[in-house]
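Data block below; observations after.
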Amino acid sequence: MKLFLHRKDLRVDDLAAFNYLLSSSEPSLHMLILDPFLLRHSRHEAHSGKQFLQYVRRLMNLYKQYGKTIYVVYGEPEVVLEQVLHNAPIDEVIVHRDFTPYAKTRDRKLREVARARGVSFTEFVDHTLADLADFQISSGKSGPYKVYTPFYKKLNTYLQTFYRPSSPLHLGDLSTVDLAQLEGSQRLLELIQSWVPPFSLEDYMPAENPIESLDDFLTDHLPFYAARRDYYAYDGTSSLSAAINAGAISIRKVYEAVMEQEHSAAWVRQLVWRDFYLYQSIYDENFFGYEKTFDFTNLSDRHFEAWRKAETGVPIIDAAMTELNETGRMPNRLRMITAMFLTKNLLCPFTLGEQYFRYKLSDYDNTLNRGGWLWCASLGFDASPYFRIMNPVTQSITYDPSGQYLRRWLPQMAGLSDKQIHQPQAHAIVDLKQSRAAAIEVYKHILKSK
Ligand code: FAD
């Protein structure tokens, strides 16, 4: 019997593992292990954890709708696996791969548990547009790509030849094991009943079908995406990131639906940033290597607190942080502006902001979040030879000229004129001009030592 473990693949169609399972006619046991490590620090109460658990609830409903069985348990993955292999006649474990440092360590342990019991461990890469392990893109002329545009061009050429289309197969085509019907499974069933989370899954509303968001986006926004994506007062982007990261929607199905439309290029170019960061996480050993670096000021704590609590006195920063704190959302341009403000004007280590976003973002993804923070802190892969410091006031005037977004999230400022509303308030935590000059000096040093 085969055991399939769901992880960041919370859907029931177009899964590499399902195609593989269908090549054999025997029923498979399907499980999802909620990992205490990934839910530590009460993460189930944070936007990022909540969103994930809502996709878990949706997955459970889908299994029910198809009349199939999935066991959702809570426990350390290697302990759960060891017990499952001990108590059920499993000969193969099947998973989709993940490349974060924690996932690699976890999977090494899982592989060892399986090997010790003579059980094979089969892994598929399923979460990116391209097979990032393929030599065709893993190696440019001088090693792995470090700059986005050449990578993007290569990926497009690659996809023209090697694209693996989505599969029409789904859970309905599979047969899953119901342990209650399987002789000798009493012990495993008892264990499963004891592996419950310290919170109730019933409290989480099942997430909506992301295909509906995709359809709305294609009809209402895609044609204007290139022109409007940065104008954050409009909801002009797809809002698909959380579903894509949880694997609640197939990246191939999204890509195919978009490619059928006119005006797809700008959106696909943005989507490929995701493959680019996932690619970096595999090939650049420094990607996850930077730790709490570059703490150049003893003001970090005070600055970070003000940033986190939306109390900097710089309207665009406070509005964006308010939206994040209240909803778990923040448009891409505002992520760049708030991240640069924290790491440059406020001279805080990027890891402080990275950790905060980890807790708060409903679309949180370890790799994409790190990629975004590295880029904003000028430690990542930027085609710019020097470093960028966005001026928050100029950005605010350019992308939200009438202050619509600021008025939405900072109603106390609603009465200010369109001109006044963008300006730092009297109590602003830093002077933008001085802090920019200080940041330039510090970052010259940082980049030299990089
Ligand atoms: P759309 O504009 O509709 O884009 C389509 C898809 O392309 C997105 O759903 C996403 O999958 C991908 N994408 C778009 N922009 C980027 C980008 N800059 N980098 C990588 N992929 C991209 N994205 C996350 O999914 N999780 C994170 O934890 C995350 N943290 C970030 C932290 C910082 C500091 C920054 C600057 C960016 C971060 N991003 C992160 C990238 C980006 O902000 C979000 O993907 C985007 O805002 C999601 O909104 P959307 O789905 O409407 O995107």
Residues meeting the amide H criterion for T122 (H placed from the backbone, H to H distance under 5 Å, 5 or more places apart or on another chain) are V93, I94, V95
What angle, in degrees between 0 and 90 and rounded to the nearest 10, separates the Cα long axis of helix 350-360 from the longest principal axis of the Cα atoms of the chain? 60
Net +/- balance of residues flanking N391 in space, Cβ distance below 12 Å, scoring K and R +1, D and E -1: +4
Just check the range 334-405 against the gyration tensor rule for me: Cα atoms, a ≥ b ≥ c as the square roots of the eigenvalues, rounded for a/c under 1.5, and otherwise prolate or oblate depending on whether a/b exceeds b/c. oblate
Calculated FRET value between L169 and R388, using beta carbons and R₀ = 51 Å, to 0.05: 0.70
Quick query: amide H of S28 versus all other amide H atoms, modeled in the peptide plane; which residues come in under 5 Å with a sequence gap of 5 or more or a different chain? S175, T176, V177
So, counting K/R as plus one and D/E as minus one, what does the shell of residues with Cβ under 14 Å around R115 add up to? -3
Each label point is 7 Å from the Cα along the Cα-to-Cβ direction; what then is the distance between the points at V196 and Y20, in nm? 3.3
For E45, E256, E323, what's the fewest-to-most ordering of other Cβ within 10 Å of each Cβ? E45, E256, E323
Work out from phi, with θ = phi - 60° and the Karplus expression 6.51 cos²θ - 1.76 cosθ + 1.60, the ³J(HN,Hα) of each residue of the range 109-124, listed in order in whole Hz, and give x for Gly and Pro. 5, 5, 4, 5, 4, 5, 4, 4, 9, x, 9, 7, 10, 10, 10, 10
Whole-Hz Karplus ³J(HN,Hα) for the range 274-279, in order, using 6.51 cos²θ - 1.76 cosθ + 1.60 and θ = phi - 60°, x for Gly and Pro? 5, 4, 4, 5, 5, 5
Subset of K344/K448; K2/K68; K2/K253; K50/K104; K8/K109; K344/K444 violating a 22 Å alpha-carbon distance limit: K2/K253; K50/K104
What is the extension gain from Q355 to R117, computed as 0.36 nm multiplied by their sequence separation minus the C-alpha to C-alpha distance, in nm to one decimal? 81.9 nm
Can you compute the helix-only [θ] at 222 nm over the chain? Use -39500 (n - 2.57) per DSSP H run of at least 4 residues, normalise by all residues, nearest 500 deg cm²/dmol. -14500 deg cm²/dmol
Compute the acute angle (0 to 90°) between the alpha-carbon long axis of helix 315-327 and the principal axis of greatest extent of the alpha-carbon atoms of the chain; round to the nearest 10°. 20
What whole-number distance in Å separates the alpha-carbon centres of the range 411-450 and the range 121-194? 43
Classify the range 1-126 as rounded, prolate or oblate from the Cα gyration tensor: take a ≥ b ≥ c as the square roots of its eigenvalues, call it rounded if a/c is under 1.5, otherwise prolate when a/b beats b/c and oblate if not. oblate
Principal axis dimensions, largest first and in whole angstrom, of the chain by Cα: 73, 48, 46
³J(HN,Hα) across the range 391-398 via Karplus (A = 6.51, B = -1.76, C = 1.60, θ = phi - 60°), whole Hz, x for Gly/Pro? 8, x, 6, 4, 4, 4, 5, 5
With only alpha-carbon atoms counted, please give the Rg and Dmax of the range 352-444, in Å. 15.9, 42
What does DSSP give for the chain in terms of the percent of beta bridges that are antiparallel, rounded to the nearest 5? 10
Around A130, under 10 Å between beta carbons, what's the net of Lys plus Arg minus Asp minus Glu among the other residues? -1
How about the range 355-441: which chymotrypsin sites (Phe, Trp or Tyr not before Pro) there lie in a loop by DSSP and see at most 15 other Cβ atoms within 10 Å? Y386
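Read the figures in this text as sums done on the coordinates, not as results from a lab. None of the values given here were measured: they were computed from a predicted structure. Heads up, the Cβs are rebuilt from the backbone with ideal geometry, glycines too, and the neighbour counts pull from every protein chain shown.
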